[in-house]
1. Cα atoms only, the stretch 199-284: Rg and Dmax in Å?
2. How many angstrom separate the Cα center of the stretch 127-194 from the Cα center of the stretch 340-360?
3. Send over the Kirkwood Rh of the stretch 1-104, from the inverse of the averaged 1/r over different Cα pairs, rounded to one decimal Å.
4. PRE reach from D293 (point 7 Å along Cα→Cβ): which of the stretch 340-356 fall under 18 Å by backbone N?
5. Send over the Kirkwood Rh of the stretch 223-363, from the inverse of the averaged 1/r over different Cα pairs, rounded to one decimal Å.
6. So what's the projected area for the stretch 93-178, the Cα convex hull averaged over all directions, in nm²?
7. Express as a percent, rounded to the nearest 5, the fraction of DSSP beta bridges in the stretch 180-309 (both residues included) that run antiparallel.
8. Any idea what diffusion coefficient the stretch 282-349 gets from Stokes-Einstein, in µm²/s, Kirkwood Rh on alpha carbon pairs, 4 °C, 1.567 mPa s?
Amino acid sequence: ASRKLFLLPGDGIGPEAMGEVRKLIAAMNEKFGTGFETDEGLVGGSAYDAHGQAISDADMEKALAADAVLFGAVGGPKWDPVPYEVRPEAGLLRLRKDLALFANLRPAICYPALAASSSLKPEVVEGLDILIVRELTGGVYFGEPKEIIDLGNGQKRGIDTQVYDTFEIERISGVAFELARTRKNHVTSMEKRNVMKSGVLWNEVVTALHKAKYSDVKLDHMLADAGGMQLVRWPKQFDVIVTDNLFGDMLSDVAAMLTGSLGMLPSASLGAPDAVTGKRKAMYEPVHGSAPDIAGKGVANPIAMIASFAMCLRYSFNMVTEADKLEAAIAAVLDDGLRTRDIMSEGKTEVGTSAMGDAILAK
Ligand code: NAI
Ligand code: MG
């Protein structure tokens, strides 16, 4: 089977981090015959500089034709003055929209070697491995009406509308149940059914889908505010959390900080399965941005990008063993005491981007 990857390194530290993934892909092809075919394009500021758009139609075509897209990061002060429609982020938004990526997966994994440097007590986070599944294309960020109206008496009214339809809740919770089956078989659904109609519907639809198709998975419901509290109090009680766009945005940022640096956090965004092939469109990217403050210095942490590639192996190619091995290699290198500057602590060995990538590859 052919395995087509489309690489969009982007701006700032994006290309530096992607370079380490490129090494991994080449080595896997050579040693294990994995047969990855790669192509590369431009996105963000670098695309704007080349052709005045945050991503070209030609590169968008390639993204649509690939089995998976690997995305670095976009943006930087150089492009702050460019027009809004072609700003670097517009490239990312177009990819998400045209690939119809409705499910955002954000794992929060605490590598044992880093437990001591978490903002929480080591026993609370050590061995933590949870997955937040956030609905990405609906809810209050997109619902209509969405406007500011002038009330005429010196007052204005800002309006955002939370809208969820049954099919949107079904497809996102379906992803969460499917993923739970490959993990600890436990889903916690979070909404605010006590104050929101969309929360009542969310709860009903998740419950009905569970009963109809996923009764083997343990399902809990939690109010999203209580969920936020529980995430910080005892995060290991969770396996997969499924929630809407707004709550997911906040809860995934909270979960992220349980685990340490921004430079460690991967993500995946998945679309619906193709009617014929059953394959999902997918894009994998680190949570961090282009880090202009350290770009070009060779000190960026490539782990978020590499761990995003591990998610790609797992979710786009069902290469579960390979994904496990890659994640274990990251853990092993951290156990050996290697650290990039962002995660450096006393008594450890500081290395640059490329030495970190090489060490993971060697493992
Ligand atoms: P950022 O994530 O780029 O950086 C925040 C801080 O974390 C910086 O001090 C940076 O040096 C550090 N950091 C981030 N990733 C790191 C890594 N892999 N290794 C070591 N240190 C790392 O966020 P910031 O500074 O708010 O935004 C910078 C630019 O990136 C802006 O233009 C912003 O719009 C863009 N951005 C792009 C995103 C994307 O492409 N998905 C996401 C977030 C921001
Ligand atoms: Mg956010």
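Any read-out appearing in this document is the output of simple, stated calculations on the displayed coordinates, not a laboratory observation. Model, not experiment: these values are computed from the prediction. When we count neighbours, we look across all protein chains shown, and the Cβ atoms used for this are built from the backbone with ideal geometry, even at glycine.
1. In order Rg, Dmax, the Cα atoms of the stretch 199-284 give 15.3, 44 Å.
2. Measuring centre to centre over Cα atoms gives 37 Å.
3. Working: mean 1/r = 0.0705 Å⁻¹.
About 14.2 Å, per the Kirkwood formula over Cα pairs.
4. Under 18 Å, as judged by backbone N against the label point of D293, lie 340-345, 353 of the stretch 340-356.
5. Every distinct Cα pair counted, the radius reaches 16.8 Å.
6. Numbers: hull surface 39.4 nm².
Averaged projected hull area, Cα only: 9.9 nm².
7. Working: 6 of 16 bridges.
Counting DSSP beta bridges with both partners in the stretch 180-309, the antiparallel share is about 40 percent.
8. Details: Rh = 13.3 Å.
This corresponds to a translational diffusion coefficient of 97 µm²/s.
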